[in-house]
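Student: If you scroll down you'll find the structure; I have some questions about it.
Since every read-out is calculated from the coordinates, none of them should be taken as a lab result. What you are looking at is a predicted structure, and each value in this text was computed from that prediction instead of being measured. Cβ placement follows ideal geometry from the backbone for every residue including glycine, while neighbour counts extend to all protein chains displayed.
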Amino acid sequence: MALRPLYRASRPCRRASLSAATALGSIIACSLLLRPSVALAQFRPQQIHFDTSRSSSPDAPATFQADKVDYNDTDHTVTWSGNVQVWQDERVLRADQITYDRDTGVVTARGNVAVVQPDGSVLYSHYAELNGGMRNGVMLHVYANMADNVKMAANGLRRTDGKVNDLSRAVYTACEICAKDKTRAPFWQFRAYGATQDLEHSKIDFRDAYVDILGIPVLYLPFFSMPDPSAKRQSGFLMPGITPHDSYLGTYFTIPYYWAINDQSDLSVQGLFATSTGPQLSGIYRQALNFGSLNIRGGFAYDTHHNLNYTNGFGNSVSSGDPHGMQGHIFARGLFNINKYWRAGANINLATSANYMRDYRVQGYGNETLASNAFLEGFGTGSYSRLDAQYYQGLNQGVIHNSDLPSALPRYTYSFVGQPDALGGRLSVNTTDFYLRRTIGTTDQRGELQLNWDRPFHSKSGEQFLLTLRLDSMLYRAFNLYQLPNYYAHAAGHGAISGMVLPTIALKTNWPFVRTFEHGRGTQLLEPIVQAIYAPNTGNGANDSLPNEDSLSYEFTDSTLFSLNRYQGTDRLDGGLRANVGVHANWTWDGHEVDLLAGQSFQEHVEHDRLPYSGLDHHASDVVARARVAPTQYFSFTSRMRYDPYTSQINFGDALFNVNVPHFRLNGGYIWEPVTPYYYYATDYRTNNLNRLYTARTSEISGGVSVYWSGAHASIFSRRSLSRQEFVTNGVTAGYNNDCFGIDFMYLKQYTSIGGIQRYSTYLVTLTLKSLGAFGVK
């Protein structure tokens with residue numbers, strides 16, 4: 001008998017033959033025509049056992065309903081006809097006619113046979129003979145509606161012991177059957193001469209199978225095994241992968257295996273075999289606990305590559321590390337709940353070398369560091385406490401060496417926000433204390449206490465006020481302040497004890513003026529903002545031997561215009577008498593918006609701790625501004641800037657726009673910054689012979705275009721450094737997806753050099769078949 005596709009011309013519902021070619025639409029239409037019966041009866045399962053599995057009790061009563069009942073005492077049979085339904089516990093049997101032989105225990109069902117399983121799946125047939133409580137039997141012209149919209153049909157089915165279904169001339173698909181033309185082939189389907197559905201182990205094995213795309217055979221598989229769609233987790237081999245060419249691996253294959261250990265844990269193992277280096281074995285273990293979770297990723301390999309030294313951007317000769325021989329990595333994450341107030345956890349991220357991660361494409365390569373920590377944290381009403389230890393492993397030796405990176409053993413953070421007091425104010429307490437150690441560089445300890453009291457109030461004319469009283473106090477003990485990141489020329493290697501106490505008083509007032517227009521559909525806001533702050537002058541932290549760990553980068557923008565301390569941390573504090581002024585304007589109508597903010601800071605005392613290009617080098621600061629414009633639902637534009645009135649230059653700026661119309665998206669961005677603050681960490685910025693990396697301007701433009709239409713999509717994106725006159729990243733994606741099939745293509749070119757070597761282009765093609773998985777070629 002020739003193989004049949006999973007489609008056929010529809011017939012009248014009462015006479016529909018439920019064969020391997022029957023469409024799901026016809027089956028549903030027929031089942032909807034069933035009417036409640038007029039005859040009802042109950043009988044004991046000792047007379048007819050429809051289910052003796054664990055899901056049904058042998059003593060549970062089986063109930064039937066039918067239009068007509070015929071008892072034949074001569075043949076010892078009972079025949080129900082006319083919309084027959086028989087159910088016992090969670091199993092239901094429907095047919096036009098059902099005959100039960102009381103001598104043999106065989107149940108024969110004819111015409112529109114449907115068996116509803118406890119898991120919700122439905123098995124349709126034209127004719128069925130069942131016995132042994134439906135655990136054994138044969139069915140002709142079978143159609144199964146399974147989980148995840150999967151459909152499977154066969155010319156015949158033999159069921160054995162309720163555990164195994166053997167199917168002949170089987171067809172399998174997860175695609176929708178065309179409702180208007182049921183003779184039309186599904187997008188893809190499996191056609192197999194034979195298939196075995198193992199219900200006990202939740203898997204399906206196909207033999208001599210063809211893969212059809214739009215009815216055309218494109219692939220022959222002598223054997224193919226897959227999990228049953230009803231199985232949420234099933235052990236077995238996953239889709240293998242192949243990459244024809246890689247810069248470091250050559251041609252390589254991946255063979256993954258998934259092991260569902262139990263309901264709470266699983267393990268995924270993958271073998272990688274390459275032509276240009278040694279093999280790798282990696283895996284992921286996941287464990288769900290009653291009090292938390294555990295996730296461990298790791299791997300090891302025999303890397304045959306040798307790497308030479310190179311010259312970094314600072315002009316220094318750097319060892320890129322030699323990953324030759326046995327290499328490995330481990331990324332572990334655990335979270336454990338102690339009680340409803342406390343929990344503990346750890347994040348461990350370690351690798352033998354960055355080049356090993358590069359060679360084997362380990363996730364995380366491209367980052368400058370791998371961070372690890374272990375912590376204990378607690379939550380209370382208005383309070384938070386955390387104790388942790390932190391460790392960093394450097395990956396980009398061209399930027400910073402491992403010996404330059406600190407480790408925190410330990411670091412403690414506490415924060416408390418109280419309820420409003422009798423004066424209407426609210427008290428908050430914060431502290432961040434640590435012991436920071438470096439092999440090369442400053443080693444220091446800090447104890448901190450910050451008290452903050454806020455009291456809001458308003459006047460009858462609508463003015464809003466915020467009075468703030470704040471006290472910052474820090475105590476330090478430091479060694480080697482002459483090394484990074486402080487570079488204090490006067491400091492020696494022995495320990496120095498220093499401290500700082502800074503009281504601050506601030507008063508901020510907002511006076512919003514609001515009106516409506518367009519008959520109440522729009523609002524207009526004009527809001528002057530004035531803030532006065534007084535604190536003692538903080539002076540020069542270098543002369544006071546104050547370490548600086550968390551305030552190396554200084555950001556003065558619209559977001560920090562009214563901040564009491566505009567440093568990112570608290571090792572450096574803004575002091576002196578100063579005033580901040582700004583104007584906020586907003587127009588909103590019919591869902592559209594224009595929002596503007598501009599302001600400036602005036603200070604009596606100019607700090608000596610400022611980094612270059614901070615915007616606060618004079619008594620009158622740079623002007624900061626922000627604008628957001630969204631005139632329609634299809635377009636938005638946001639921009640920020642910092643303008644220096646003394647040099648007529650823009651010291652910081654960024655912009656972002658987005659166009660989003662049906663089937664089309666366009667976005668773009670630009671950023672300008674005179675220096676990169678990160679690099680202040682590695683060299684004394686006070687010297688005049690700074691490396692070009694410190695003073696190189698950041699001027700980048702980026703953008704992308706996306707189109708999508710009826711399941712098809714395509715996009716192109718790019719990022720280019722205008723200051724370096726070179727691209728950073730380019731990429732293209734394209735693909736098509738429907739209800740059961742997907743194919744995606746991606747091209748990515750990265751120009752970043754790490755470890756003296758630049759990663760080359762990447763091509764990725766991914767084919768996805770619903771319920772089966774994804775297959776990718778890099």
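Student: Sorted by average packing, counted as other Cβ atoms within 10 angstrom per residue and highest first, what order do 141-148, 173-180 take?
Tutor: Listed from highest to lowest mean packing, they are 141-148, 173-180.
Student: Which FRET efficiency, nearest 0.05, do Ile743 and Val269 yield, Cβ-Cβ r, R0 22 Å?
Tutor: E between Ile743 and Val269, to the nearest 0.05, is 0.20.
Student: Now a separate question. Just grab the label-to-label distance for Tyr670 and His494, each label 7 Å out from Cα along the Cβ direction, in nm (one decimal).
Tutor: Each label point is offset 7 Å from its Cα along the Cβ direction, giving 5.7 nm.
Student: Here is a follow-up. Could you give the length gained by full extension between Asn337 and Gln633, i.e. 0.36 nm per residue of separation minus their alpha carbon distance, to one decimal place?
Tutor: Full extension from Asn337 to Gln633 adds 102.1 nm.
Student: Hey, another quick one. Applying the Karplus parametrisation 6.51 cos²θ - 1.76 cosθ + 1.60 with θ = phi - 60° to the phi angles of the stretch 423-432, what ³J(HN,Hα) value in whole Hz is obtained for each residue in order, glycine and proline being reported as x?
Tutor: Rounded to whole hertz, the list is 8, x, x, 9, 9, 10, 10, 9, 8, 9.
Student: Which three extents, in angstrom, do the Cα atoms of the stretch 549-639 have along their principal axes, listed largest first?
Tutor: Cα extents, longest axis first: 48, 26, 19 Å.
Student: Given +1 on the Cβ of Lys and Arg, -1 on the Cβ of Asp and Glu, and no further charges, what dipole in debye does the stretch 156-250 carry about its Cα centre, rounded to the nearest 20?
Tutor: 300 debye
Student: Can you grab the distance from the C-alpha centre of the stretch 153-228 to the C-alpha centre of the stretch 625-658, Å, no decimals?
Tutor: Taking the Cα centre of each part, the stretch 153-228 and the stretch 625-658 sit 58 Å apart.
Student: Calculate the FRET efficiency for Phe465 and Val581 from the Cβ-Cβ distance with a Förster distance of 22 Å, rounded to the nearest 0.05.
Tutor: Using R0 = 22 Å, I get an efficiency of 0.90.
Student: Please give, to one decimal in nm, the separation of the simple spin-label points placed at Thr523 and Glu200, each 7 Å out from Cα toward the Cβ.
Tutor: Inter-label distance under the simple model: 6.9 nm.
Student: Quickly work out the Asp73-to-Ser276 label distance, labels modelled 7 Å from Cα along the C-beta direction, and quote it in nm with one decimal.
Tutor: Result for the modelled spin labels: 8.8 nm.
Student: Let me ask something else. If you average the alpha carbon positions of the stretch 436-455 and of the stretch 517-534, how far apart do those two centres end up, in angstrom?
Tutor: 39 Å
Student: In nm, what is the difference between 0.36 nm times the number of residues separating Tyr482 and Ala288 and their Cα-Cα distance?
Tutor: 65.0 nm
Student: What's the FRET efficiency of Arg515 with Ile330 using the Cβ-Cβ distance as r and R₀ = 56 Å, to the nearest 0.05?
Tutor: It comes out at approximately 0.35.
Student: Just to check I understand the Karplus step: with θ = phi - 60° and J = 6.51 cos²θ - 1.76 cosθ + 1.60, what whole-Hz values come out for the stretch 229-241, glycine and proline as x?
Tutor: x, 6, 7, 6, 9, 9, 5, x, 6, 9, 5, x, x
Student: Can you tell me how much longer the chain between Ser225 and Glu368 gets when fully stretched, taken as 0.36 nm per residue apart minus their C-alpha distance, in nm with one decimal?
Tutor: 47.2 nm
Student: Please identify the GluC sites (Glu not before Pro) of the stretch 503-557 that satisfy two criteria: DSSP loop assignment and at most 11 other Cβ atoms within 10 Å. Which are they?
Tutor: Listed in order of number, the matching sites are Glu518.
Student: May I pose another question? Using every alpha carbon pair in the stretch 514-572, what percent of pairs falls into each 5 Å bin from 0 up to the bin containing the largest distance?
Tutor: Histogram of Cα-Cα distances, whole percents per bin: 4, 13, 15, 17, 12, 9, 7, 6, 6, 5, 3, 2, 0.
Student: In terms of modelled amide H atoms, which long-range or inter-chain residues lie less than 5 Å from the amide H of Ile338?
Tutor: Arg343, Ala344
Student: Calculate the radius of gyration of the Cα atoms of the stretch 714-777 to one decimal place, then report Dmax, the largest Cα-Cα distance, as a whole number, both in Å.
Tutor: 15.5, 49
Student: Output wanted: per-residue J couplings in Hz (rounded whole) for the stretch 250-258, from phi through Karplus 6.51 cos²θ - 1.76 cosθ + 1.60, θ = phi - 60°, x for Gly and Pro.
Tutor: Along the stretch 250-258, the couplings run x, 8, 9, 10, 10, 10, x, 9, 10 Hz.
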